[in-house]
Amino acid sequence: MYFFFKYTELHISLLLFLVPPLEALNPGNTTFSSLLWSMRLPDSVKPLHYDLLIHPNLTSLSFSGAVQIQLDVLQETRHIFLHSKSLEISRALLLGSRYQHLLQVQESEAFEQIALSYENFTFSTGLYVIRLEFSANLSESFHGFYKGTYRTSSGEVRTLASTQFEATHARSAFPCFDEPAFKANFSIRVRREPRHISISNMPNLKTVELAGGLLEDQYDVTVKMSTYLVAFIVCDFLSISRRSQHGVEISVYTVPEKISQAEYALNTAVTLLDFYDDYFNIPYPLPKQGEQQTLYRCCSNHNFFPDLAAIPDFQSGAMENWGLTTYRESGLLFDPERSSTSDKLGITKVIAHELAHQWFGNLVTMQWWNDLWLNEGFAKFMEFVSVNLTYPELQVDDYFLEKCFTAMGVDSLSSSHPISTPVENPAQIREMFDDVSYQKGACVLNMLRDFLTPEVFKIGIIRYLKKHSYQNTVNSDLWYSLTNVCQSDDLDLGRLKEDGFCSDSKTRTSASKWFMEDDLDVREIMDTWTLQEGFPLITVEVKGREVRLKQERFLKGADQFKALFLWKVPLTYITSGSSSVQRFLLKTRHDVLYLPAEVEWVKFNVDMRGYYIVHYAAGGWDALIRQLQLNHTVFSGNDRASLIHNIFQLVSIGKVPLDLALSLSQYLSSESEIMPVTQGFSELVPLYKLMEKRDMAALENQLKGYLVNVFRRLIDAQSWSDDGSVSERMLRNYLLLFACVRRLPACVGPAQRLFRQWKESDGALRLAADVRLVVYTEGARTEEGWDFLLEKHGSTMYPSERSQIKAALSYSPLPHKLEWLMEKGLEGEILKTHELPSLIISVSKNPTAYRLAWDFLTANWQKLVKKFDLGSSAISRMVVGVTNQYSTQEKLEEVQSFFGSLDESTGAGLRSIQQALQNIQENIRWMDQNVPVLQDWLNRHSTGPAL
């Protein structure tokens, strides 16, 4: 097709009028001069449009294709470099008005690139068209253009092909400029058999019948986007559709027998898309304007239908492909009778995350992967903002803190990295998809929103999105958009008047004072949070009305050089004398603020909206503990959770003695809210898991006994039902699972009875969804029960039920069963291989089988790296998750020995390996320093052994 290349043909023919036609070329005898390959493509050539044809063969499990790329050469060059990985390039052509000229292809496997050239010809500046024909096998991994399968209820295995291109895998499906800054438009055609359908980013304009009974689906031209957002699927899925209030038609695709489970996802997507349309004041998508619209026929009537597809084999949780978001089945499909409250919350959040990406990541994309957080941090942050406003009954705010605590766990090690950090090769890029980019990114944005006020923050991000639509950005672009928003002349004034923030100072909250009164440079402040790793520890010392403040890096280990960082910290605090939130911007290493009157206590970092830990020196912790024991509801649930988190983390760096932290934990016997309760478990359970790995059974059981006693009141209050709020129902599952694992008769008896009844009904008995995991876990303790659960795992058509059964199987105390299950997970028949990483991590937490997880990981390392990709989140999670409870020198040396034997191609140098080793070292140090204190404290406070 040449209709959009009209004025380029003459230009190309003039350049090539002396070049002989195709027949005269003999590239096979050409000797290439040495090329200087680079990990990054040169910016002298830019793609404008791809015309892509893909033809998968689901019988031979291969595919062929052709891509025609219009290029803009910005600087003359002898070679055109682009990406290609594991593709057989059968033909490369330079297209002219009269001739097709054969191009020579040189490939670098190490750089995953090809170089196109024509002997004695220089590409001068201007427009060109190249065509490449290629073929390859469908990938056996979970990235690129890969094979997937699913089993019907009758046992038939069906095959499909789907894509996962982020971050660097579009190049393994078609030759392309596979970097986020090389945005272009795509015209996609997919050939298929009549028994299948295809889906892609855009609506299908028409389907053409071809010779041999094949069909070709021809899709509308995409908006300008990066290659990693391209998607196409060939399958036999069914779909349901609904139109949003803004007139956007949304569809959800699933395997045929699961289409009844798609309704919740469809309704949720409609609600959230309408929310984002209104919140960002930018329709989905922003209609293309200007030069792009004159060059290409794009987005007919601006209809860009966002589809959601549940993929049976999917490594990631979900992917934001523009117009075709893809998900694990368990991340999209919901059944009101069988899915739990946790399932509902998780599905809602993941849809919110992926739809947020349609603006943050797709419409506006980071320039390079070093700023991945501009995509992922924003999407993670907006998933909580959107769900909180659209589904308040899900109480999503109760779970945001956990994201920040998780990020701090990684960020407190010297192996951490800045939110924005240099990366070059694909493995380094994949490692950026971690807790720092996602969770820390979201937490820093939440802090910034609280700092600037929600009004200013919202105006600023709308300004950012509108200014940079269809473009690429860096950190500073965001900071500029958030600075001096009221003085800007490029805003939507109608929106500002509607919000009333800039026009009426009376509407501003007290939080805005430090934005309006101080001459603040957002970039200067936020660079301290994004360009250096770690986070601050704020030490607070109160003397009368004087509050002395000190900041330093919170860092585990003894690397003092890395501790010399300084942040600009937006502090918030309340006191025993006032619940009104006060604010103070700490810009220096030391500072002092003054209270209007003396108080009994001061609590900083209100609701943990800031990304920092607080140490209350000179008796400050004693005063807070007294208040918790007297009346803990003076503090919000988030404040109580943050106090628990902070004090136990301070124990780990020697700032607070362990017995003080344990004294604070005693108040939990009066606690009932989910965040403080689960945070109490999160701090105390890992302690006895460390002892478990040292075979310290007596002390381990003593600590378990303390935990049981602290939470017995709450455990006894639980019912075996689905009653209560979302948080109450999720807490019920947590508490009953803990109680049964601890073998409390009040839990074990009902769980065994329910499992027996469920088994006798052959799985037909309806169990309360929020306690089903507890019942399954109890059943998996016996050979007969485990086998019955495995049978149901293979036959159920409900992903939520399948996930719960898999978890229960991994909790079993039957080591031979777990070893067998991991082997089957690697084969991918009985257990989907994409579920294997979570299974291995779960087995590593099993007190009777944790050694099996490490043995399996090391024995199958090469296979796992090949399947999941070096540097991927799956590999990183396994490396850290399997080892993070080891606490002996012997185990440290074993882990060091194995990972030390690897070369660069198999994982040497991975950040996750350094993180794993540091975790073990910290565990050893913690045990050596704190076991005597723990023993003494438990001896003084124990009320009996765990049952």
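The values are calculated or read from the model by the stated rules, or taken from the named source; none is laboratory data. All values reported here derive from a predicted model rather than from experimental measurement. Note that each Cβ is placed from the backbone with ideal geometry, even for glycine, and that neighbours are counted across all protein chains shown.
Below are the figures for this structure:
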read-out: Conditions (1) of a type in the set (G, A, S); (2) more than 34 Å from the chain's Cα centre (by Cα); (3) not in a loop (DSSP other than H, G, I, E, B); number of the one not met by A597; value: (3)
read-out: Wholly within segment 508-591, strands (runs of 3 or more DSSP E) carrying at least 3 residues that are at pLDDT 95 or above, of a type in the set (A, V, I, L, M) and within 23 Å of R640 (Cα to Cα); value: 536-543, 569-575
read-out: Some residue of segment 852-859 being touching a residue at least 60 places away in the same chain (Cβ under 8 Å), assigned by TED's automatic domain parsing to the domain that holds F898 and under 23 Å from E784 (Cα atoms); value: no
read-out: Any hit, segment 183-199, residues being in contact (Cβ under 8 Å) with a residue 12 or more places away in the chain, of a type in the set (S, T, Y) and part of a strand (DSSP E or B); value: yes
read-out: Given (1) touching a residue at least 40 places away in the same chain (Cβ under 8 Å); (2) polar (S, T, N, Q); (3) touching a helix residue (DSSP H, G or I) at 6+ places or on another chain (Cβ under 6 Å), index of the condition S842 fails; value: (1)
read-out: R548 farther than 30 Å from N923 by Cβ, surrounded by 14 or more Cβ atoms within 10 Å (Cβ to Cβ) and in contact with an Asp or Glu (Cβ under 8 Å, 6 or more places away or on another chain); value: yes
read-out: Only one of S330, S339, S386 that is assigned by TED's automatic domain parsing to the domain that holds S239, part of a helix (DSSP H, G or I) and crowded, with 21+ Cβ neighbours inside 10 Å; value: S330
read-out: Which listed residue is assigned by TED's automatic domain parsing to the domain that holds M39, among the hydrophobic types (A, V, I, L, M, F, W, C), surrounded by fewer than 24 Cβ atoms within 10 Å (Cβ to Cβ) and touching a strand residue (DSSP E or B) at 6+ places or on another chain (Cβ under 8 Å), from A231, A181; value: A181
read-out: Flag for V865 being crowded, with 17+ Cβ neighbours inside 10 Å and modelled with pLDDT under 95; value: yes
read-out: Residues being outside any strand (DSSP E or B), within 25 Å of the chain's Cα centre (by Cα) and farther than 28 Å from V221 by Cβ - total across segment 138-182; value: 3
read-out: Qualifying residue in segment 442-454 (condition: touching a residue at least 12 places away in the same chain (Cβ under 8 Å) and closer than 19 Å to E166 by Cβ); value: yes
read-out: Total residues in segment 443-489, condition within 21 Å of the chain's Cα centre (by Cα) and in a strand (DSSP E or B); value: 2
read-out: Single condition D397 does not satisfy, out of (1) modelled with pLDDT under 95; (2) within 30 Å of E109 (Cβ to Cβ); value: (2)
read-out: One residue from Q915, Q921 being surrounded by 20 or more Cβ atoms within 10 Å (Cβ to Cβ), in contact with a helix residue (DSSP H, G or I) (Cβ under 8 Å, 6 or more places away or on another chain) and in a helix (DSSP H, G or I); value: Q915
read-out: Residue in segment 440-455 that is in contact with an Asp or Glu (Cβ under 7 Å, 6 or more places away or on another chain) and modelled with pLDDT of 95 or more present; value: yes
read-out: Complete set of residues in segment 315-359 that are hydrophobic (A, V, I, L, M, F, W, C) and over 14 Å from the mean Cα position of the chain (by Cα); value: W322, L324, L332, L333, F334, L345, W359
read-out: Residues located in segment 212-264, provided they are within 23 Å of S795 (Cβ to Cβ) and among the small types (G, A, S); value: S260, A262
read-out: Residues that are in contact with a Leu (Cβ under 7 Å, 6 or more places away or on another chain) and under 15 Å from F681 (Cβ atoms), drawn from segment 648-670; value: L664, S665, Y667
read-out: Scope segment 194-216; condition surrounded by fewer than 19 Cβ atoms within 10 Å (Cβ to Cβ) and under 35 Å from the mean Cα position of the chain (by Cα); matching residues; value: R195, P203, N204, L205, E216
read-out: Some residue of segment 750-760 being surrounded by 15 or more Cβ atoms within 10 Å (Cβ to Cβ), within 32 Å of the chain's Cα centre (by Cα), closer than 22 Å to F738 by Cβ and assigned by TED's automatic domain parsing to the domain that holds R729; value: no
read-out: Odd one out for T122, checked against (1) surrounded by fewer than 16 Cβ atoms within 10 Å (Cβ to Cβ); (2) β-branched (V, I, T); (3) closer than 18 Å to V230 by Cβ; value: (3)
read-out: Test result for L374, outside any helix (DSSP H, G or I) and within 26 Å of Y612 (Cβ to Cβ); value: no
read-out: Any hit, segment 280-288, residues being at pLDDT below 95, part of a loop (DSSP other than H, G, I, E, B) and either more than 27 Å from the chain's Cα centre (by Cα) or among the acidic types (D, E) (or both); value: yes
read-out: Of residues in segment 235-255 being among the small types (G, A, S) and in a loop (DSSP other than H, G, I, E, B), the one surrounded by the most Cβ atoms within 10 Å (Cβ to Cβ); value: S244
read-out: Failed item in (1) buried (at least 20 other Cβ atoms within 10 Å of the Cβ); (2) of a type outside the set (K, R); (3) more than 38 Å from the chain's Cα centre (by Cα), with L132 passing the rest; value: (3)
